[in-house]
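Throughout, read-outs are computed from the coordinates displayed, never taken from laboratory work. This one's a predicted model, so the numbers in the text were calculated from it and none came from an experiment. Neighbour counts are summed over all protein chains in view; Cβ atoms, including those assigned to glycine, are modelled from backbone coordinates with ideal geometry.
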Amino acid sequence: MLEKHEKHEEHEEIKVQNLTRFYTLVLIKSKSPITGYYILKRLKEDLGKTSSPTYVYDFLKSLKREGYLEDAKVSDSKRSQGYMLTTAGDMFTENIFSRFNNMIETAIQSKIKICASCGVKLYDSVHTEKIRGVELNFCCKHCAKAYKSQISA
Ligand SMILES: [Zn+2]
């Protein structure tokens, strides 16, 4: 069989543009050495999606080609071909993670509600009350009460 793609030497930046790739990096970062088999298993269990093994292995191959991964034996596995992050790979994943963090932060912030009384940021527990026909968000009912007594004063 011809291994045509092995021959091309061009440097291409690895893109991490979907959850499968991103989560693969998370797994590699959290468990090293790691096997492709384990990655596929976790992708299925954690994300509830069956990823194409070819897609995942190609991604691992390109990470290895860039020097981000190196081969490592995983002794307790039947499929013992494993991978380990190199120092460059460690930097690469850190970089990707911080980019994603910024993105997630922005996404969260656009959805954040603020307590109308004390101004605290509300992430998941929001107490809403309709006051003078307007639905307002509060951190708790005490803040809502304080707000009501304030506007009626
Ligand atoms: Zn409050």
| note | Restricting to lysines and to Cα separations under 25 Å from Lys41, and discarding same-chain partners fewer than 8 apart, the set is Lys15, Lys29, Lys31, Lys49, Lys61, Lys64, Lys73, Lys78
| Hey, got the dipole for segment 113-152? About the Cα centre, +1 on K and R Cβ, -1 on D and E Cβ, debye to the nearest 20? | 100 debye
| If we restrict to alpha carbons, what Rg and Dmax does the chain come to, in Å? | 23.9, 83
| How much net charge surrounds Leu69 when only the other residues with a Cβ under 12 Å from the Cβ of Leu69 are counted, with Lys and Arg +1 and Asp and Glu -1? | 0
| Mean separation of Cα pairs under 8 Å and 6+ residues apart, divided by the residue count of segment 2-109: what relative contact order is that in percent? | 25 percent
| note | Close lysine pairs (segment 93-153; alpha-carbon distance under 13 Å; 8 or more apart or on separate chains) counted at 5
| For segment 113-152: rounded, prolate or oblate by the Cα gyration tensor [a/c cutoff 1.5] | prolate
